[in-house]
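A quick write-up on the structure given underneath.
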Amino acid sequence: MISGIERAKEKWRDARGTSLTESLFRDLHFAVRSLRKNLGFTAAAILTLALGIGANTAIFSVIENKLLHPVPWKDPQRILGLWEVDPGTKQPRLVVSPANFLDWRAQTLGSAFEYVAAWNFTYVNLRGGDQPEQVEALAVTADYFRLLGFEAGLGRTFVMGDDQPGHPHTVILSHDFWRRRFGSESSLIGQTLQINGDACAVIGILPANFHIFRVLGHEIELYVPLQLDAAHLNRAENSVMAYARLKKEVSLARAQSHMDAIYRGLAQEYPATNAGLGTRLIPLPQQWTVGVRQTLLLLLAAVCVVLLIGCSNVAGLLLARGAARHREIAVRIALGAGRFRLIRQFQTECLLLAFGGGAAGLLLAYGTLTLLNRTRTLSSVEDFRLDAPVLAFALGISVLSSVIFGVVPALQCSQISPAGSLNASARTLIGSTRGQRLRNSQIVVEVALAMVLLVGASLVLQSALRLELMNRGVNVKNVLTMQVWLPQKRYADGRAVGRFYQQVLARIRMLPGVESASAANFPPLAVQSTGVHFTTEEHPPSVGPSPNAPFAKVSVITPDYLKTMGIPLLAGRDFSEQDADENRGVVIISEATARRFWPGRDAIGSQLWPNFPKVHNFYEIESGNRPLAVVGVVGDIRQDGTADPAGLPQIYVPYQQNPSAIMSLLVRTERNPLDWVSAVRSQVWSIDKEQPVWNVRTMDDVVAETFSLQSAMAKLISIFAATALMLASVGIYGVISFSVTQRVHEIGLRMALGAENHEVFRMVIGQGLWLALVGLAIGAGSALILTRVMSGFSHLLYGVGASDPLTFVAVSVALSGVAVIACYLPARRAMRVDPMVALRYE
């Protein structure tokens, strides 16, 4: 009776089948046991996948940060950058006229825009403590923080009236600065700080999650009101940046039309400065991704290639493992396992491998992002991190990887014939012609992908090396630079500024080991934002140069600047301290400027008319809108290695006639310049003990920072290319080694029939090399397409053609060599095959 009941139960179970959950659990349990039995295979597969998944996750975090969500503020698509279109170049410029800003803020606020705010970057001197400190700051109008969608963490942000001229001075601190400088002291609200000699009341502390762009790798630490006095603004001076938050019911096109109408009115009212001037509204996410989109997508393509090669390797491992498991698979088929059941089991194992690779890849990605955040290789508003979207991407790419590397081996293994596979002497499907074609295709694909990545990496690396070794027209070795910003409250006019630098430089020159010392408003090769329109004596302006006049970069320098920076004086003379007393203005021009505007004749004694503003950096300048006599011609400086050698015209003006609140001290020393930091800082404090010195670095560091994008791209792509090359070589070795194992009987038979060892060696090497050559041919064609795309990346390629034949030849030779080396060990093993052992079971 009992046996009948049990038989009924068993019959009922067979009829209803097992639940899907139970079946999947059994698959999972079996997959875990199977992978634990072969830990070597499991570790190799997980590590291979970790390289590809980790690299993709890290780069996706960068892309998510800089492309998908570059602006970490509320409704960023409604935040617009307000640009003015220069009538001469027809190009939009970020820096706008504060007088124009006040006019169109009054006409658009409430109708097109919810908030409108202007801002500019500044440095402030903060007194207190053991040493004065220079702090990065933003001067902003009252609506700035409301426009971005932030309120203060403690206290309040600016309100209407704080940015009005004559209002008591106030300041807002960033959360990190508050914690670093004041130990998170909550009672700081209401207290005063001495900033640029003024007592400023602390009215607010920003929340910890508020972040804004960095300047030279440093966070903005203080925010002060930008007080614009319409009665004293020069409409021709462009000195502020502007944002606006679009009203929800107003479209971008409507707001643009409104701004165009306003500028037409300004052109009629102020034709001297606004004739032809236009405006352009650019959503902030679009504005912030200019120049980085192509670079990051290129990096993403590179890591995708690494992942594909890794998946190909794991697929090869699975095919080899399938060959070893052909008896197990045949038994399962003989016992009734269907093809779908087998495929599901294999895919479960692949998913486990992919999740293991994904977990290890997250560790690799975390380390990579930590390094990027620490070195600021790719600057960003917020740190790169493994947030929810990035983790979701890692999960998705892990699942996708399991499909990529698992589907073909699963399909092949599920087609094994039980009858043939249970015969010990029969060849399995994995060793059949179809299986051999799959393995051969693996080599071809991996070599082709490695070829594409190596060509691209080689071009970028060559470009970075050429930029590093190029002759820039200056000698940056053993030069120390540090910046000084003189507050207007204590240095009220240009003469006071001139006396300060004259005294400081005289003292620095007397230091032992100092060969020369000078100062400039911008160190050579650093980011330079000062420029001016000018005309020459052939077309002297009636009232200043027109906006269509040529544009030149301007450097304010002291005597000995040319000597300190190793810039050759080709004609005329250097500036001297006596230039401050001359009745006429003087200027030094670059060789390219002389060749362009005074071709075929001596430029010394010629004149040019710059359109300097009457006031710059708080101080009235003497060179404004009067002719400057050319007293010297100097060698060209390659400010931007990716541009043509001449670039924009370059002119130099003396600091006595063009005082600048901010200057960089430049000190050439006989050895490591960092050994003189304390001595130089002491000389500054001997003149003004309250004057901070900051941004201390060598000129080598300045150059490295200027070309950091090219250098970072070269390093990252080179790492990815090296990883791809390693994976490809391992893949070639694995396929050829497995092929030798499968062909032991054939090799033994050949040797029994008289084949020599060297012939067997050549056969194995030839097989791998032939497949590699096919892959090289396919990869070369694909690389040519890639280089056509890269040719448009002017910031990535310098001094090397996008289709450089030497690069293609060198990469092909290198990959061929790697293929030969990868085939060498299997070929040596094939030579040692004993014919009698190979034929024993036949």
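Filter region 173-222 for residues that are farther than 19 Å from Phe145 by Cβ, touching a helix residue (DSSP H, G or I) at 6+ places or on another chain (Cβ under 9 Å) and in a helix (DSSP H, G or I) and give the result.
Within region 173-222, Phe182 is the sole residue that qualifies.
Do the conditions hold for Lys489, that is, is it at pLDDT 80 or above and of a type in the set (D, E, K, R)?
Working: at pLDDT 80 or above: no; of a type in the set (D, E, K, R): yes.
No.
Give the residue, chosen from Val484, Val476, Val444, that is β-branched (Val, Ile, Thr) and assigned to a helix (DSSP H, G or I). Outline the logic, then answer.
Working: Val484 fails: assigned to a helix (DSSP H, G or I); Val476 fails: assigned to a helix (DSSP H, G or I).
Only one candidate passes the filter, namely Val444.
Quick grid of which residues meet (1) within 30 Å of Leu465 (Cβ to Cβ); (2) in contact with an Asp or Glu (Cβ under 8 Å, 6 or more places away or on another chain); (3) surrounded by fewer than 17 Cβ atoms within 10 Å (Cβ to Cβ):
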residue	(1), (2), (3)
Asn672	yes, no, yes
Glu690	no, no, yes
Ala724	yes, no, no
Ser729	yes, no, no
Gly734	no, no, no
Gly748	no, yes, no
His758	no, no, yes
Leu776	yes, no, no
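Could you tell me whether any residue of region 389-408 is farther than 29 Å from Ser61 by Cβ, in a helix (DSSP H, G or I), out of contact with any Cys (no Cβ under 8 Å at 6 or more places or on another chain) and modelled with pLDDT under 80?
To start, the set of residues in region 389-408 that are farther than 29 Å from Ser61 by Cβ comprises 408.
Now restrict to residues that are in a helix (DSSP H, G or I): 408.
Cutting the leftovers down to out of contact with any Cys (no Cβ under 8 Å at 6 or more places or on another chain) gives us 408.
Now narrow it down to the ones that are modelled with pLDDT under 80: 408.
There is at least one residue in region 389-408 that is farther than 29 Å from Ser61 by Cβ, in a helix (DSSP H, G or I), out of contact with any Cys (no Cβ under 8 Å at 6 or more places or on another chain) and modelled with pLDDT under 80.
Can you pull out the residues in region 462-486 that are touching a helix residue (DSSP H, G or I) at 6+ places or on another chain (Cβ under 9 Å), at pLDDT below 80 and not charged (D, E, K, R)?
Ser463, Ala464, Leu465, Leu467
So which residues in region 152-165 are surrounded by fewer than 20 Cβ atoms within 10 Å (Cβ to Cβ) and touching a residue at least 40 places away in the same chain (Cβ under 8 Å)?
First, pick out the residues of region 152-165 that are surrounded by fewer than 20 Cβ atoms within 10 Å (Cβ to Cβ): 152-156, 159-161, 164-165.
The answer is Ala152, Gly153, Leu154, Gly155, Arg156, Gln164, Pro165.
Run down Glu746, Glu759 and say which single residue is modelled with pLDDT under 75, of a type in the set (Asp, Glu) and farther than 30 Å from Met565 by Cα. Explain how you work it out, then say what you get.
Numbers: Glu759 fails: modelled with pLDDT under 75.
The match here is Glu746.
Tell me which residues, restricted to region 670-697, are within 36 Å of the chain's Cα centre (by Cα) and not in a helix (DSSP H, G or I).
Once the filter is applied, which keeps residues that are within 36 Å of the chain's Cα centre (by Cα) and not in a helix (DSSP H, G or I), region 670-697 yields Glu670, Arg671, Asn672, Gln691, Pro692, Val693, Trp694, Asn695, Val696, Arg697.
Only one of Leu459, Leu454 is in contact with a Leu (Cβ under 9 Å, 6 or more places away or on another chain) and modelled with pLDDT of 85 or more; which? Give the derivation first.
Details: Leu459 fails: modelled with pLDDT of 85 or more.
Result: Leu454 is the single residue among Leu459, Leu454 that is in contact with a Leu (Cβ under 9 Å, 6 or more places away or on another chain) and modelled with pLDDT of 85 or more.
State whether one or more residues within region 100-114 are part of a loop (DSSP other than H, G, I, E, B), touching a residue at least 12 places away in the same chain (Cβ under 8 Å), more than 17 Å from Leu246 (Cα to Cα) and not small (Gly, Ala, Ser). Don't jump to the end; show me each part of the working.
Step one: list which residues in region 100-114 are part of a loop (DSSP other than H, G, I, E, B), which gives 110-112.
If we keep only those that are touching a residue at least 12 places away in the same chain (Cβ under 8 Å) as well, we get 111-112.
Those still in the list that are more than 17 Å from Leu246 (Cα to Cα) too: none.
No, that holds for no residue.
Specify the residue that is modelled with the lowest pLDDT; the eligible residues are those in region 783-807 that are surrounded by 14 or more Cβ atoms within 10 Å (Cβ to Cβ) and in a helix (DSSP H, G or I).
Residue satisfying both the conditions and the ranking: Met790.
Which ones in region 3-45 are hydrophobic (A, V, I, L, M, F, W, C) and modelled with pLDDT of 65 or more?
In the first step, residues of region 3-45 are kept if they are hydrophobic (A, V, I, L, M, F, W, C); the result is 5, 8, 12, 15, 20, 24-25, 28, 30-32, 35, 39, 41, 43-45.
Residues satisfying the conditions are Leu24, Phe25, Leu28, Phe30, Ala31, Val32, Leu35, Leu39, Phe41, Ala43, Ala44, Ala45.
Kindly indicate whether any position in region 336-348 is assigned to a helix (DSSP H, G or I), at pLDDT 80 or above and within 30 Å of Leu67 (Cβ to Cβ).
For region 336-348, residues assigned to a helix (DSSP H, G or I), at pLDDT 80 or above and within 30 Å of Leu67 (Cβ to Cβ): absent.
Let's see how each residue does on (1) crowded, with 21+ Cβ neighbours inside 10 Å; (2) at pLDDT 60 or above; (3) under 11 Å from Val586 (Cα atoms):
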| site | (1), (2), (3) |
| --- | --- |
| Gln607 | no, yes, yes |
| Phe612 | yes, yes, no |
| Val615 | no, no, no |
| Phe618 | no, no, no |
| Asn625 | no, yes, no |
| Val633 | yes, yes, no |
| Asp644 | no, no, no |
| Leu648 | no, yes, no |
| Pro659 | yes, yes, no |
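So that you can scan it fast, the table gives a plain yes or no per residue for (1) assigned to a strand (DSSP E or B); (2) within 33 Å of the chain's Cα centre (by Cα):
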{"site": "Arg33", "(1), (2)": "no, no"}
{"site": "Ile46", "(1), (2)": "no, yes"}
{"site": "Ile59", "(1), (2)": "no, yes"}
{"site": "Asn65", "(1), (2)": "no, yes"}
{"site": "Ala118", "(1), (2)": "yes, yes"}
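Taking the condition of being more than 30 Å from Ala230 (Cβ to Cβ) and without any contact (Cβ under 8 Å) to a residue 12 or more places away in the chain, how many residues in region 182-208 meet it? Steps first, please.
From region 182-208, those more than 30 Å from Ala230 (Cβ to Cβ) are 182-191, 205, 207-208; that's our starting set.
Restricting the remaining residues to those that are without any contact (Cβ under 8 Å) to a residue 12 or more places away in the chain gives 182-185, 187, 191.
Result for region 182-208: 6.
Which residue out of Glu136, Glu219 is surrounded by fewer than 20 Cβ atoms within 10 Å (Cβ to Cβ) and not assigned by TED's automatic domain parsing to the domain that holds Val684? Full working, then the answer.
Numbers: Glu136 fails: surrounded by fewer than 20 Cβ atoms within 10 Å (Cβ to Cβ).
Sole residue among the options that is surrounded by fewer than 20 Cβ atoms within 10 Å (Cβ to Cβ) and not assigned by TED's automatic domain parsing to the domain that holds Val684: Glu219.
When the residues of region 93-112 are narrowed to those that are modelled with pLDDT under 85 and hydrophobic (A, V, I, L, M, F, W, C), which ends up farthest from Leu82 (Cα to Cα)?
Leu109
Testing Lys90 on (1) surrounded by fewer than 20 Cβ atoms within 10 Å (Cβ to Cβ); (2) assigned to a helix (DSSP H, G or I); (3) not β-branched (Val, Ile, Thr), one condition comes back false. Which one is that?
With (1) surrounded by fewer than 20 Cβ atoms within 10 Å (Cβ to Cβ); (2) assigned to a helix (DSSP H, G or I); (3) not β-branched (Val, Ile, Thr) applied to Lys90, the lone miss is (2).
Considering only region 237-255, how many residues are surrounded by 17 or more Cβ atoms within 10 Å (Cβ to Cβ) and either small (Gly, Ala, Ser) or not in a loop (DSSP other than H, G, I, E, B) (or both)?
First pass over region 237-255, keeping only residues surrounded by 17 or more Cβ atoms within 10 Å (Cβ to Cβ): 237-247, 255.
Checking the rest, the ones that are also either small (Gly, Ala, Ser) or not in a loop (DSSP other than H, G, I, E, B) (or both) come to 239-246, 255.
Within region 237-255, residues that are surrounded by 17 or more Cβ atoms within 10 Å (Cβ to Cβ) and either small (Gly, Ala, Ser) or not in a loop (DSSP other than H, G, I, E, B) (or both) number 9.
The values are calculated or read from the model by the stated rules, or taken from the named source; none is laboratory data. All values reported here derive from a predicted model rather than from experimental measurement. Because the Cβ atoms are built from the backbone with ideal geometry, glycine has one as well, and the counts that use them run over all protein chains shown.
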